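Right, one structure below, let's go through it.
The values are calculated or read from the model by the stated rules, or taken from the named source; none is laboratory data. Being a predicted model, the structure only gives us computed values, none of them experimental. All Cβ positions, even for glycine, are placed from backbone atoms using ideal geometry, and neighbour counts span all protein chains on display.
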Amino acid sequence: MQAADIATLLVNSLTWAMATFLVAAGLTLVFGTLHILNFSHGGFFMIGAYAAFSLAQWVGTSNSIALYLFGSLAAGVLVAGLGLVVDRLVLRRLAGVEDAYILIATYALLLVCEGSTKLVWGLKYHSVMPPAMLDGAWVMGSAVVPRLSLFIIACGLTVFIALEVFLNRTKSGRLVKAIAADPWMAGLLGINVRRVYTATVALGFALAGLAGGLLVSNQALSPSLASAFVIYAFGVIIVGGMGSISGAFFGSILLGLIDAIGQWVLPGLPGLPFFIAMTLILLLRPQGLMGRKH
Amino acid sequence: MDNRSSFLGGPARRDWIVLAVVMALGLLVPSVLNRGLIFIAGLVWINAVFGLSFNLLFGLSGVLSFGQAMFFAAGAYAAAVLTQSLGWPFLPAWIMAAVAGGLLAALVGAVALRRSEGVYFAILTLAFAELMHLLITNTGMLGRNDGLSGLARPVLSLGAARLDLGQGDNFYYFIVVACGAMIALIRFVIGTAFGRALQAVKQDPERAEFLGIPVRLHRLVIFTLAGMMTAAAGALVAPWAQIVTPELAHWSNSTNPILYTLLGGSAYFWGPALGAVLLSAVFYVTRTLVGVSDLVTGLLLLAVVLALPGGVLGLLARWTGGTRGKGKA
Amino acid sequence: MSTALLEASGLRKSYGRIAVLHDVSLTIGADESHVVIGPNGAGKTTLFKVLTGELLADKGRVAFKGEDVSRLPAHKRVHRGFGRTFQVARVFGKLDVQDNLRLALEARTRRGNPLASIGRNVAGELAERMEKLLVDTGLERQRHALSGALAYGDRKRLELAMVLALEPAVLFLDEPTAGMSAAERQATVQMLLRVKQQRRVSMLLTEHDMDVVFGLADRISVLHYGKLIASGTPAEIRADARVKEVYLGDEDSHA
């Protein structure tokens, strides 16, 4: 295998990994804190992407990265707002409910997202052109590295570092971690657990929306976007350890590499290595790479 | 028996009567409805069995699977391949399709049931179903994304008699009889000691284990049985719709039985069947409005989980005096 | 010892790096009621879990009637003759008393086989046995009561009835009188003595209340920080210096 091929393999798998991590980050954050596996997370990611798309349409063609980033942030804010509504209307009411019903309820939310998306934006495929600076590719020797890929990898890294700093170095972040570890104790210590939950949900949804905006140029936009990412996001957080951001980060890299290598070895069955890896890990070490045993 | 005890094994007779009535009504359908609606009615029967076998897992045993579509598709594709490509007569093909579903379920169950936490099991079943979907769409022999079409309605030769199920509404009648038999089998299983043990496993697995009930084995057996029944139902789709596509293995098909069950009421034997009827009506009414069926289904499901966890039958039970002796725990 | 019904030797169990059981060995003979006492955290519950199969020991051996059951899962041990009650009585709350017993009787008959007893009316065949269980535990007038709504003491009795339905050779009772009033405790002790005598079962129980301990025990074992520091007849234990020092030192310590 030539160096160029290896480079391509690495870049592709890292791009996939970072894209998946961007989606998975909010999902694992909410699970780690509220212990709710939000099936609809992929749906809100999709809404974020569509929102960024609409914004791009409204603003007209632009070649500014700044505008692209702004669109992503706007999507994040919008989806965070939706998240607050969802928290109020749905998530809070799921407090004492059995796990199975929580899964079903968040799945129902996903359906609502998909239905709403189809209603508002229709079934047609759309695409958003990335700003000029991110378009095209760098040619290094015989390797071709798309600029958008590098952008996505950079975004993933940035979000990871930002989240790690937030959770481990800031007071609010450590509060979130404390509550995730022991909400009862936290409540006893006078912390307003409900408010932190709501903030965490908002953050989780914001991350979904942000991911949607950042990745909007990465693939075609269609109502099946949610389904496409949900399973991969699940797989990544399971492998990484549910509730762990660093687990999601390294898990996505691991799975991305395994899938890319698997595809090179056994082409024609896209996604198969991913599933095998996910199943094996679920069986051998269900708490994931960095998770704690329940 | 005290009505307050929600233990099955009591009012079995009532369920047999309901089954007889429902089948009689079902057989009357072709004289009242047009071709298009008869087709839907046939699908409703099949989906009712799909929902009822799901509830063997969820309502009876407390096992939540997000991947039942893989067995449905396995049955459908097995029937299609056996009859079309290998020329098998329909009845043996149907049985073989059910067996295939059972084997697949035994395999998946052996792997997925090793850890008892429900969330992991649910996600594993989702993943396996996606894998199945992936494999189907990438297999030339199964028609890739186009599936297998042109499937014929069979002609049954039972000894001396020949029944052409391709004529008129004959296959619909066959569906009613076949599904009725499957529903009867499901009801029978629920009323056995095994069925009661599964209810115990659902309520308190540790207590059940310490009564000598092997929890994992019981879950595996019911998962296998449910897989078999689901595949048997799916196999009927092949000659009925006369085409099988990968959509049958898509995860939205896995969530259909969940919808039927929750809407109708998971604590009641007939819940999933009622849910299948209601949701088919909803889907039919909203079919032309893009996105509306997803939206309505999602909202319905949310409403049921948040406000009406007992489903429609649960609501009815509350209105008619709150007796819970109606079905399963 | 050939007369030992249950023999545990060298049991070791750790949670992560914390060792909870250190080399615990004890034996229970036929028709013996054996009480394990020790301060909270001494490892009594873990010992229970290891003996009944809820957990597997890291090292050591559990033998029942001479057969090594150390690696058998809990339900298989139940088939061999183990019966276990929990500190907080676990019954099937959504079912009535009679149906709970029916489940236990069916479980006993089926011995774990999903296909067994299809078409048989086990409850009908064993109606006499069900009656006796109800009478022995004083529940015959509550047979149709919803078990989840039973008073705490009655729930414990139901759980005992369910376990007795399994016809165990050894009963493992985790703090059978926890949370009971003095009168209830006395009644429970009497009931357990009666059960032991009539059904010829051995018992292993943990307890905190010394009246109950000395009222029931044929032999007592004392657990302290995961180690067995003494084992013998009540008189021997009362006289044991180490035990006095560690546990019985303050005679006023009741549960």
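Pairing residues of region B:283-304 that are within 8 Å of chain A (Cβ to nearest Cβ) and within 20 Å of residue B:262 (Cα to Cα) with residues that are of a type in the set (Lys, Arg) and surrounded by 15 or more Cβ atoms within 10 Å (Cβ to Cβ), at Cβ distances under 7 Å and at least 6 apart in sequence or on separate chains, gives B:294/A:118.
Cβ-Cβ distances below 9 Å connect the following pairs, each with a first residue in region C:110-130 that is assigned by TED's automatic domain parsing to the domain that holds residue C:140, a second residue that is among the hydroxyl-bearing types (Ser, Thr, Tyr) and outside any loop (DSSP other than H, G, I, E, B), and a separation of six or more residues or different chains: C:116/C:109; C:117/C:109; C:120/C:109; C:122/C:109; C:125/C:109; C:126/C:109. Residues in region C:84-100 that are facing chain B (nearest Cβ under 8 Å) and in a strand (DSSP E or B) were compared, and the one that is surrounded by the fewest Cβ atoms within 10 Å (Cβ to Cβ) is C:96.
The C-beta contact set for region C:80-96 (first residue hydroxyl-bearing (Ser, Thr, Tyr), second residue surrounded by 23 or more Cβ atoms within 10 Å (Cβ to Cβ) and in a loop (DSSP other than H, G, I, E, B), distance under 9 angstrom, 6+ apart or interchain) comprises C:85/B:210; C:85/C:176. Being more than 15 Å from the chain's Cα centre (by Cα) and within 24 Å of residue A:218 (Cα to Cα) is a description that applies to residue A:52. The residues of region C:101-112 that are at the interface with chain B (Cβ under 9 Å from one of its Cβ atoms) and either over 24 Å from the mean Cα position of the chain (by Cα) or outside any loop (DSSP other than H, G, I, E, B) (or both), listed by number, are C:102, C:103, C:104, C:106, C:107, C:108, C:109, C:110.
A residue that is of a type in the set (A, V, I, L, M), away from chain A (no Cβ under 14 Å) and not in a loop (DSSP other than H, G, I, E, B) can be found somewhere in region B:53-61. Does any residue of region A:108-125 turn out to be away from chain B (no Cβ under 14 Å), more than 20 Å from the chain's Cα centre (by Cα), assigned to a helix (DSSP H, G or I) and surrounded by fewer than 18 Cβ atoms within 10 Å (Cβ to Cβ)? Within region A:108-125 (the criterion being away from chain B (no Cβ under 14 Å), more than 20 Å from the chain's Cα centre (by Cα), assigned to a helix (DSSP H, G or I) and surrounded by fewer than 18 Cβ atoms within 10 Å (Cβ to Cβ)), the answer is no, since none of the residues qualifies. None of B:216, B:207 is free of Cβ contacts under 8 Å to residues at least 12 places away in the same chain, assigned to a helix (DSSP H, G or I), within 10 Å of another protein chain (Cβ to nearest Cβ) and more than 28 Å from residue B:13 (Cβ to Cβ) except B:207.
Per the listing B:197, B:184, the residue uniquely at the interface with another protein chain (Cβ under 7 Å from one of its Cβ atoms) and either of a type in the set (D, E, K, R) or within 22 Å of the chain's Cα centre (by Cα) (or both) is B:197. Only one entry of B:178, B:184, B:200, B:235 meets the criterion of being assigned to a helix (DSSP H, G or I) and touching a Lys or Arg at 6+ places or on another chain (Cβ under 9 Å), and that entry is B:200. Residue check: residue B:289 meets all listed conditions (1) of a type outside the set (Asp, Glu); (2) in a helix (DSSP H, G or I); (3) at pLDDT below 90 but one, namely (2). Every condition in (1) surrounded by 15 or more Cβ atoms within 10 Å (Cβ to Cβ); (2) of a type outside the set (Phe, Trp, Tyr); (3) within 21 Å of residue C:237 (Cβ to Cβ) holds for residue C:41 except the one numbered (1). Condition check for residue C:48 on (1) at the interface with chain B (Cβ under 10 Å from one of its Cβ atoms); (2) part of a helix (DSSP H, G or I); (3) not basic (Lys, Arg): one failure, at (1).
Residue B:188 falls short on exactly one of the conditions (1) without any contact (Cβ under 8 Å) to a residue 24 or more places away in the chain; (2) within 30 Å of residue C:120 (Cα to Cα); (3) crowded, with 18+ Cβ neighbours inside 10 Å, and that condition is (3). Only residues that are assigned to a helix (DSSP H, G or I) and touching a Leu at 6+ places or on another chain (Cβ under 8 Å) were counted in region A:80-93, giving 4.
Of the strands (runs of 3 or more DSSP E) lying entirely inside region C:162-255, the ones with 2 or more residues being surrounded by 15 or more Cβ atoms within 10 Å (Cβ to Cβ) and among the polar types (S, T, N, Q) are found at C:202-206.
Select, from C:158, C:126, the only residue that is within 14 Å of chain B (Cβ to nearest Cβ), buried (at least 19 other Cβ atoms within 10 Å of the Cβ) and within 20 Å of the chain's Cα centre (by Cα). So the residue among C:158, C:126 that is within 14 Å of chain B (Cβ to nearest Cβ), buried (at least 19 other Cβ atoms within 10 Å of the Cβ) and within 20 Å of the chain's Cα centre (by Cα) is C:158.
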